[in-house]
Structures are given as structure tokens and as C-alpha cells.
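Working notes, beginning with the structure itself.
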Amino acid sequence: MKRLTLLLIAMLVVGIDSLYGQYTIPNSPNAEIKLAPLKPERIESTPFEIVNDALLRNKKRQWRKDHNYFEVKNSLQLTQFAYNKNWASGGENSFNGRVTSYLKHSYTNKKLNVTTEWDAAFGLGTKENRAWVTEDNFKINTSVNYLMIGKFYYNLNIDFRSQFANGYSSVEDELPVSHFLAPATLNLAVGFNYKLDDKRNILFSPVSGNMLFVNDRRLAEAGSFGALNGKKVTPNIGMLLRVQWTQPIWKDKKSGTEIIKYRVDGQGFYNYKNVPKLDLQQWIDVTVFKYLSINFNCRLIFDDQISRIKEEATETTPAVMRSSFWQFSEVLGIGLTYTFANKEIKK
């Protein structure tokens, strides 16, 4: 008993948190119980939760994937172009090469969604030993959406469109009929967006500001692209309707890869005075193999001010400038395509 008491006192003095020992119970009830002390061990307590770095990185990576959508689609194609005579930016029917670039990022939180898109195409060929630009356009669009109710959002939309290089009506022309910032359009719209997901939405803005830039005095004074009174900047206020829709037509059952996909991007603007303007683009993408695809793109523009056609004088009528309301182009291409998306859009 004295030994046990001394051992307890020693434990308190030294500050041992835990003590381990071994003893045996003898057969005789009157025998003395002997305690054989072992080497004392201190067990340190941990005042914080142990965090696994790999687990933490994985959680951050998953959070970013859940809230961010990335899509990249770049292609190098051999193409065939066809234009009607009213195409204002210039071009002739031909076979040539084409580079396209499409980038998209979308951030989604509980109520906020911000989507930014870059869409560009540039076609180049040769004709009569001259380099010939057959297609040239790009656009940057940012859409900020804040949840109103269900699938409806308050929306702020910023859209800028122009081209990279000079455009000519024919290979014999020396003066360009279009170039960078001639024309260019900047549209700022506030309204509502019916958004199903990152690939399907319908935007309506009752208040939209549209700025037309013709950064070329010769073209501005000629009234090209709807420039008024020779001004390089023509502002307009009106309403905007935009539809963006991507719909898979045929999917591979095993891998889930979209073999045939349809995409449309249509935008209409009405300034409360003139006839509404329409710019409608449609794509059909066919994936032959992983990096080989066939792409068909057609674009329809309706604008009673963007183009003027000169009708030559006859014996009975003088020369006049006639409005051309419709413009149409189509592109059929086959080539290498690289596509990436960080996740599948849930529908």
C-alpha cells in the first residue's frame, strides 16, 4: 500500500498524464498484490484538427469545377465559301483555309452567373497570285445574370463585334470596303434572361444602347454600314432580343460524345424608328473522329441600312442607290478540331 501511495505521489509531482502498469491476481485471497510499474509515457493532446493537404486541394479543385464552366473549341479547316451579291464586307465564292476559335467561361454561384465568350473566324486563300481574305469576324460577349425567380434572371449584357483585316469586294479592288473598327458595334443592354443552362438562354432587353463605329472617313461619308451624316460613331437606343441555343442531335451511347450538334446565335435590334436589324448565325458540327470534324455555318443579316447597291443609269432612268435588305453567306469546312470542356452541362 505504501508503494502504491508513493507511486501516485510521484505521478502527480512529475505530471504524468497516463500511467501503464501490469499486475497479477494470485490464487490465494490473502496473498499480497504486487504492482510492477512500467516506464511512464506521456500522451500529448492535439489542440487542432489534423488537415490532409491532398484532401484540401481536392476540395478546392472540386469547388472550382462545380462553380466554373470552361469550353474551348479551335479548328483548322479546308473550306468552301459562297456569298450573295449583297454581302457588304466583301468576298467571292472560293475554296480556301479557315481558322476558328471559340472560348467560353461561365462562373455560377447561388444567385449570380457571369458568362464571357470569344468567337472568331478568319479565312484566307489565294486568287490571281494575291492573298485573299474570305472570312473575317470576331465578337466578345459578357453576360451578367442575377437570379430573379426560377429560370429568370436580371441581366446586363455587353457585346462587341468587328473584324481583323481589310475586306474587298473583289480581288481587283484597291480600296477596302471594310477593315478593323469599320464597321464595329458595341451593344450595352439591360433586361431579363431566361436561362436554362450555360448553353441555352433567351435574352430580352427593353433598354439597349447600340454604338456603330465606322473608323474610316471615306466609308463614313459614303454612309457605309448605316453611318449617318459622315459620322464615325452613330448611337442608337432601342430594344434587343438575343437567342443562344446549343442542342445535341446525336450522341454516342457508350461514351456520351456529341456526334452531331446544332448551335444558333441570333440577335435582333430595333431602335423604335427604322426596320429591325437581324443577325442570325447557325452551326452544325459533325464529329467524325476525336480530332476530325465537319462544320457547316450559315449567316443571315437583315439590315436596310448596312448596304447600298448602285444601279447603273439607263436611257430612261438615272443611276440610283438601292437598299439591299438581305445578306447571306455559308461556309462548309472539314479539318482538325480540338474541343475541351471541364464538365458536362446538366439538362
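The values are calculated or read from the model by the stated rules, or taken from the named source; none is laboratory data. Given the structure is predicted, the values throughout are model-derived calculations rather than measurements. When we count neighbours, we look across all protein chains shown, and the Cβ atoms used for this are built from the backbone with ideal geometry, even at glycine. For accessibility, only protein heavy atoms count, side chains too; no ligands or nucleic acids. Shrake-Rupley method; radii C 1.70, N 1.55, O 1.52, S 1.80 Å.
Just checking, how many residues over region 178-194 are touching a Lys or Arg at 6+ places or on another chain (Cβ under 7 Å) and on the phi > 0 side of the Ramachandran plot?
Step one: filter region 178-194 for residues touching a Lys or Arg at 6+ places or on another chain (Cβ under 7 Å), giving 184-185, 194.
If we keep only those that are on the phi > 0 side of the Ramachandran plot too, we end up with none.
Count: 0.
Please determine, by comparing only the residues of region 199-217 that are open to solvent by 20 Å² or more (accessible area, probe 1.4 Å) and among the β-branched types (Val, Ile, Thr), which one is farthest from residue 267 (Cα to Cα).
Residue satisfying both the conditions and the ranking: 207.
Please state which one of 120, 36, 82, 54 is modelled with pLDDT under 65 and among the hydrophobic types (A, V, I, L, M, F, W, C). So that I can check it myself, show each step before the final result.
Working: 120 fails: modelled with pLDDT under 65; 82 fails: modelled with pLDDT under 65; 54 fails: modelled with pLDDT under 65.
When all the criteria are applied, what remains is 36.
Could you tell me which residue of region 134-156 is nearest to residue 106 (Cα to Cα), considering only residues that are among the hydrophobic types (A, V, I, L, M, F, W, C) and open to solvent by 40 Å² or more (accessible area, probe 1.4 Å)?
Residues of region 134-156 that are among the hydrophobic types (A, V, I, L, M, F, W, C), as a first pass: 138, 140, 144, 147-149, 152, 156.
Filter once more, so that each one left must be open to solvent by 40 Å² or more (accessible area, probe 1.4 Å): 140, 144, 147-149, 152, 156.
Numbers: 140: 14, 144: 10, 147: 15, 148: 18, 149: 20, 152: 17, 156: 14 Å.
Ranking the qualifying residues of region 134-156, first place goes to 144.
Would it be correct to say that residue 108 is closer than 19 Å to residue 208 by Cα, open to solvent by less than 60 Å² (accessible area, probe 1.4 Å) and not acidic (Asp, Glu)? I'd like the intermediate steps shown before the answer.
On the way: closer than 19 Å to residue 208 by Cα: no; open to solvent by less than 60 Å² (accessible area, probe 1.4 Å): yes; not acidic (Asp, Glu): yes.
For residue 108, the condition - closer than 19 Å to residue 208 by Cα, open to solvent by less than 60 Å² (accessible area, probe 1.4 Å) and not acidic (Asp, Glu) - is not met.
Quick check: anything in region 207-223 over 22 Å from residue 163 (Cα atoms), touching a strand residue (DSSP E or B) at 6+ places or on another chain (Cβ under 6 Å), touching a residue at least 24 places away in the same chain (Cβ under 8 Å) and not basic (Lys, Arg)?
Step one: filter region 207-223 for residues over 22 Å from residue 163 (Cα atoms), giving 207-208.
Retained after the next criterion (residues that are touching a strand residue (DSSP E or B) at 6+ places or on another chain (Cβ under 6 Å)): 207-208.
Imposing the further condition that a residue be touching a residue at least 24 places away in the same chain (Cβ under 8 Å) reduces the set to 207-208.
From the residues that got through so far, the ones that are not basic (Lys, Arg) too are 207-208.
Within region 207-223, one or more residues are over 22 Å from residue 163 (Cα atoms), touching a strand residue (DSSP E or B) at 6+ places or on another chain (Cβ under 6 Å), touching a residue at least 24 places away in the same chain (Cβ under 8 Å) and not basic (Lys, Arg).
For region 249-304, what are the residues that are of a type outside the set (A, V, I, L, M), under 18 Å from residue 76 (Cα atoms) and open to solvent by 60 Å² or more (accessible area, probe 1.4 Å)?
Listed by number, the residues that qualify are 289, 290, 291, 296.
Right, residue 173: under 20 Å from the mean Cα position of the chain (by Cα) and over 28 Å from residue 107 (Cα atoms) or not?
Here the answer is no, as residue 173 does not meet what is asked.
Go through region 64-78 and count every residue that is at pLDDT 90 or above and among the basic types (Lys, Arg).
The total comes to 1.
Identify the residue in region 179-195 that is open to solvent by less than 50 Å² (accessible area, probe 1.4 Å), touching a residue at least 40 places away in the same chain (Cβ under 8 Å) and assigned to a strand (DSSP E or B) and, among all such residues, is farthest from residue 146 (Cα to Cα).
Looking at the filtered set, the residue picked out is 182.
Filter region 158-178 for residues that are polar (S, T, N, Q) and over 23 Å from residue 100 (Cβ atoms); which is surrounded by the fewest Cβ atoms within 10 Å (Cβ to Cβ)? Quick ask: steps written out before the conclusion?
Step one: list which residues in region 158-178 are polar (S, T, N, Q), which gives 162-163, 166, 169-170, 178.
Right, trim to over 23 Å from residue 100 (Cβ atoms) and you get 169-170.
Values: 169: 17, 170: 11.
Looking at the filtered set, the residue picked out is 170.
Quick grid of which residues meet (1) on the phi > 0 side of the Ramachandran plot; (2) touching a Pro at 6+ places or on another chain (Cβ under 7 Å); (3) assigned to a loop (DSSP other than H, G, I, E, B):
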{"site": "170", "(1), (2), (3)": "no, no, yes"}
{"site": "206", "(1), (2), (3)": "no, no, no"}
{"site": "211", "(1), (2), (3)": "no, yes, no"}
{"site": "215", "(1), (2), (3)": "no, no, yes"}
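Tell me, which strands (runs of 3 or more DSSP E) lie completely within region 218-324 with 2 or more residues that are modelled with pLDDT of 90 or more and over 25 Å from the mean Cα position of the chain (by Cα)? Let's see the steps before the verdict.
Working: elements: 233-251, 258-270, 277-287, 292-302, 308-311, 320-323.
It comes to 233-251.
For residues that are of a type in the set (Gly, Ala, Ser) and touching a helix residue (DSSP H, G or I) at 6+ places or on another chain (Cβ under 6 Å), scanning just region 218-248, find the one that is surrounded by the fewest Cβ atoms within 10 Å (Cβ to Cβ). Please lay out each step first, then the result.
Of the residues in region 218-248, the ones of a type in the set (Gly, Ala, Ser) are 220, 222-224, 226-227, 230, 238.
Among the residues that remain, those that are also touching a helix residue (DSSP H, G or I) at 6+ places or on another chain (Cβ under 6 Å) are: 227, 230.
Working: 227: 23, 230: 13.
Out of the qualifying residues, it is 230.
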